[in-house]
Amino acid sequence: MMSEQQPLPPLETFENQFPERDYEIRIECPEFNSVCPKTGLPDFGTLVFTYHPDKLCVELKSLKLYLVGYRNRGIFYEHVTNTILTDFVEACHPRKATLEATFTPRGGITTKVTLHYPEGFSTTT
C-alpha cells in the first residue's frame, strides 16, 4: 500500500513579454512517470504541452518539479492527464492549450490521452 501523498509543488509563471502576439509554445516531457493505483507498478509516458500564452508563461523548472511530484502517486492515466491540464490552465490562463499524454505499452496496449482547452473544458470538478 502506498503512503500518504504529499502536496504537489506549485506551478510558477512569469510575465509574457509579448502578450499582443498569438504564438505557440511546445513543451515535451519524455520522462513522466506515475504509479498505477490498481497494481502499484510504475507507469511511464511522454507529455506534450502546446499552448498559446496570454499574459503569463509557465516557468519550466517549476513544471519539472510539479511533474516529478507524480513519481510515487497512484493515479490512472485519464485522471493524471486531466489533473495536470487543469493545474496548468489555472496557473497561466493560456488563450488555448493542448496536453497530449502518451503512455508506454502495458500488456500490449498503448494509451494516449489528449485534452484541449478551452473546447469542452471546465476547471471545476
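Read-outs: derived from the displayed coordinates by stated rules, not from any lab. Bear in mind that the values here come from a model prediction, so they are computed numbers and not experimental data. Quick reminder, even Gly has a Cβ in these numbers, built from the backbone with ideal geometry, and neighbours come from all protein chains shown.
Some points to look at:
- Report summary: the helix-based calculation at 222 nm, which adds -39500 (n - 2.57) for every DSSP H run with n ≥ 4 and divides by the residues of the chain, gives -6500 deg cm²/dmol.
- Shape category assigned to region 8-111 from the gyration tensor of Cα positions, a/c cut at 1.5: prolate
- Nearby aspartates and glutamates by direct alpha-carbon distance to LYS64 (threshold 18 angstrom, same-chain neighbours under 8 apart not counted): GLU12, GLU28, GLU31, ASP43, ASP87, GLU90, GLU100
- Averaging the sequence gap over all C-alpha pairs within less than 8 Å and six or more residues apart, then dividing by the number of residues, gives the chain a relative contact order of 28 percent.
- Straight-line reach from LYS61: taking Cα to Cα under 29 Å and skipping same-chain neighbours fewer than 8 places apart, the lysines in range are LYS96, LYS112.
- Trypsin sites (Lys or Arg not before Pro) restricted to region 1-60 and DSSP loop, no more than 16 other C-beta within 10 Å: ARG21, LYS38, LYS55
- Amide H contacts for ASP43 (H built 1.01 Å from N in the peptide plane; partners 5 or more residues away or on another chain; cut-off under 5 Å): SER34, VAL35, CYS36.
- Among the chymotrypsin sites (Phe, Trp or Tyr not before Pro) within region 49-125, those in coil by DSSP and having at most 16 neighbouring Cβ atoms inside 10 Å are PHE76, PHE121.
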